Amino acid sequence: MRLSAEELASGKLKPETIELAVQLIRINGYVLFEEVMPRTQVELLNSHMGDQLTSFMVKNNFSLEEGFHDGTNHIGLYVPFEKPFCDESIIANPFVLDVVEQILGSDCLLTYFASNTSMPLGTKPQKVHADMGARFGDQCEANLPITNLVVNYPLVDVTLENGPMEVWSGGTHLHPDKWYSSNAHDKSVLAEHMQSFKAVMPAGSIMIRDDRMWHRGTPNRSDKPRTNIALIYSLAAAVHHPGGIQIPQETYDSFSDKTKRLVRNERIGVPAIQN
Ligand SMILES: O=C(O)CCC(=O)C(=O)O
């Protein structure tokens, strides 16, 4: 959906937009706000992410031509909690929080700060998957309440060419818990017979999705990385362990109270991760 000029200018969603977005996530598995972040900010982020990808490729000895990660040429990496990445417009984006807090509660936590990139020359799609496993293994026949929302910020225009995420929306997030266990039916086999679509969107859009919704990365046929930033917000009651995001003390000290609260379970006072 497109936010109104008034919402974009005020940084605040109308109550009816929040309600629509919440219902879309609950029923369809995701909502997409198109072209929200300023282009200049997105371009800056993309250029810094390019540096991260380059050093990650070198460190891991990855070659695009030889391929990696089963020929998908997909890279998932933890993003350093430093500027320009850890800007409050990203980690505490008002549009995102308006929606996320309705679903996960105002005491929800930021628990993941990473990125997903479909690099050029991939030859295969990823396996169809959900981002979360079953909470009760093979046992639980019930659909459990949502615990995690993934928020994706694409840093380039996502087209049919450059490796869009493919999603199976409309109910895959609503299966009983055991559907997310390692012994569940193979999603890839079922998914070939189900409706899906490739999530094309302009740079600077925001996708908020239930982490159980089935999806996969697809090969990038362009010559540039297709990168997004991926955050996860979690239900406070479902977070039992200390988090893994490394947040330098001075970065934490610069945050608003709201943002400090969002990252309260993470590793504060620890240097940012380096790729
Ligand atoms: O292409 C994407 O952004 C999706 C990547 C993904 O689902 C994964 O790496 O687990």
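Rule-based calculations on the coordinates, nothing more; no lab input. Predicted model, so just to flag it, every value in this text is computed and none were measured. When we count neighbours, we look across all protein chains shown, and the Cβ atoms used for this are built from the backbone with ideal geometry, even at glycine.
Taking region 152-200 as the range and being of a type in the set (D, E, K, R), assigned to a loop (DSSP other than H, G, I, E, B) and over 28 Å from Ala92 (Cα atoms) as the test, the residues that pass are Glu161, Asp186, Glu192.
Residues that are over 25 Å from Thr147 (Cα atoms) and touching a Ser or Thr at 6+ places or on another chain (Cβ under 8 Å) were ranked within region 199-219; the one that is farthest from the ligand (Cβ to nearest atom) is Val200.
Being in contact with an Asp or Glu (Cβ under 6 Å, 6 or more places away or on another chain), in contact (Cβ under 8 Å) with a residue 24 or more places away in the chain and of a type outside the set (A, V, I, L, M) narrows it down to one of Ser256, Ser182, Ser196, Ser188, so name that one. That would be Ser196, the only listed residue that is in contact with an Asp or Glu (Cβ under 6 Å, 6 or more places away or on another chain), in contact (Cβ under 8 Å) with a residue 24 or more places away in the chain and of a type outside the set (A, V, I, L, M). Among the residues of region 220-235, those identified as more than 21 Å from Ala21 (Cβ to Cβ), of a type outside the set (S, T, N, Q) and more than 10 Å from the ligand (Cβ to nearest atom) are Arg221, Asp223, Lys224, Pro225. β-branched (Val, Ile, Thr), within 16 Å of the ligand (Cβ to nearest atom) and in contact with a Phe, Trp or Tyr (Cβ under 6 Å, 6 or more places away or on another chain), is that true of Ile273? Criteria not met by Ile273. Right, His240: within 16 Å of the ligand (Cβ to nearest atom), under 26 Å from Arg135 (Cα atoms) and not aliphatic (A, V, I, L, M) or not? For His240, the condition - within 16 Å of the ligand (Cβ to nearest atom), under 26 Å from Arg135 (Cα atoms) and not aliphatic (A, V, I, L, M) - is not met. Out of the residues in region 210-243 meeting the condition of being β-branched (Val, Ile, Thr) and part of a loop (DSSP other than H, G, I, E, B), tell me which one is nearest to Ser181 (Cα to Cα). By that ranking, first place goes to Val239. With respect to (1) surrounded by fewer than 19 Cβ atoms within 10 Å (Cβ to Cβ); (2) outside any loop (DSSP other than H, G, I, E, B), the lone exception for Phe255 is condition (2).
Does Thr159 meet the test of being of a type in the set (Val, Ile, Thr), surrounded by 15 or more Cβ atoms within 10 Å (Cβ to Cβ) and away from the ligand (no atom under 16 Å from the Cβ)? Taking the combined requirement at face value, the residue does not satisfy it. Out of everything in region 162-190 that is among the hydrophobic types (A, V, I, L, M, F, W, C) and away from the ligand (no atom under 13 Å from the Cβ), what residue ends up being nearest to Leu3 (Cα to Cα)? Filtering region 162-190 for residues that are among the hydrophobic types (A, V, I, L, M, F, W, C) and away from the ligand (no atom under 13 Å from the Cβ), the one nearest to Leu3 (Cα to Cα) comes out as Leu174. Of all the criteria given as (1) within 16 Å of the ligand (Cβ to nearest atom); (2) free of Cβ contacts under 8 Å to residues at least 40 places away in the same chain; (3) closer than 18 Å to Lys258 by Cα, the one not satisfied by Asn60 is (3). The single residue among Leu53, Leu24, Leu77 that is among the hydrophobic types (A, V, I, L, M, F, W, C) and part of a strand (DSSP E or B) turns out to be Leu77.
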